[in-house]
Amino acid sequence: MDIKIRYISDKIEKLTYIAGNSDWIDLRAAEDVAFKKGDFKLIRLGVAMELPRGYEALVVPRSSTFKNFGLIQTNHMGVIDESYCGNNDEWMWPALATRDTEVHVNDRLCQFRIIEHQPHIEFCEVENLSGKNRGGFGTSGKA
């Protein structure tokens, strides 16, 4: 599958898909950003993409982002649909700092994958469900 990409920043490394390792693709900061604890900022990712019709991108933090930078993605998972596809529709990463920290150009902060849109769903109301009760929310065990 091909995805059209426009690099808005010439400072970041080109995106690559590493087969066999993970099907998530890392995104990099396209700017240096200094945070004080409690700051919220949108971090430029330096790319705009034209996703194939019927697909959307899911954007989440990398597993090491909080440990390395003390940053939390404020929407916890970003969804970028194929209508966000213009030359200046730069992807951004919404970050909240839990400590003073700095991000530098090319720091890998988040990752994305594309998925097909959910199919049309019809809800069928019933009096009872056929599955066995598991005990309610949060009852699958303790770590």
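The values are calculated or read from the model by the stated rules, or taken from the named source; none is laboratory data. Owing to the predicted nature of the structure, the values given are computational and were not obtained by experimental measurement. Virtual Cβ from ideal backbone geometry, glycine too; neighbours counted across all protein chains shown.
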Residue list for the stretch 77-94, filter: surrounded by 13 or more Cβ atoms within 10 Å (Cβ to Cβ) and under 12 Å from residue 59 (Cβ atoms): 78, 80, 84, 91, 92, 93, 94
Hey, could you check the stretch 89-104 for residues that are in a strand (DSSP E or B) and free of Cβ contacts under 8 Å to residues at least 60 places away in the same chain and say which is farthest from residue 34 (Cα to Cα)? 92
Quick one: how many residues across the stretch 86-106 are within 18 Å of the chain's Cα centre (by Cα) and of a type outside the set (Val, Ile, Thr)? 10
Check off (1) in contact with a Lys or Arg (Cβ under 6 Å, 6 or more places away or on another chain); (2) without any contact (Cβ under 8 Å) to a residue 24 or more places away in the chain for residue 119 and give me the number that stays unchecked. (1)
Would the stretch 63-76 turn up any residue that is touching a residue at least 40 places away in the same chain (Cβ under 8 Å) and surrounded by 14 or more Cβ atoms within 10 Å (Cβ to Cβ)? yes
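Can you name every residue in the stretch 105-119 that is farther than 15 Å from residue 28 by Cα and in a loop (DSSP other than H, G, I, E, B)? Step through it out loud before you land on a result.
Looking only at the stretch 105-119, we keep the residues that are farther than 15 Å from residue 28 by Cα, and these are 114-119.
117, 118, 119 - these are the residues of the stretch 105-119 that are farther than 15 Å from residue 28 by Cα and in a loop (DSSP other than H, G, I, E, B).
Select from the stretch 1-19 the residues that are closer than 20 Å to residue 64 by Cα and not polar (S, T, N, Q) and list them in ascending order.
12, 13, 15, 17, 18 - these are the residues of the stretch 1-19 that are closer than 20 Å to residue 64 by Cα and not polar (S, T, N, Q).
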Quick check: anything in the stretch 60-74 in a strand (DSSP E or B), among the charged types (D, E, K, R) and either closer than 27 Å to residue 21 by Cα or touching a strand residue (DSSP E or B) at 6+ places or on another chain (Cβ under 7 Å) (or both)? no
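If you check 51, 109, which single one turns out to be modelled with pLDDT of 95 or more, of a type outside the set (Gly, Ala, Ser) and closer than 22 Å to residue 1 by Cα? Lay out the reasoning, then the answer.
Numbers: 109 fails: closer than 22 Å to residue 1 by Cα.
The conditions single out 51.
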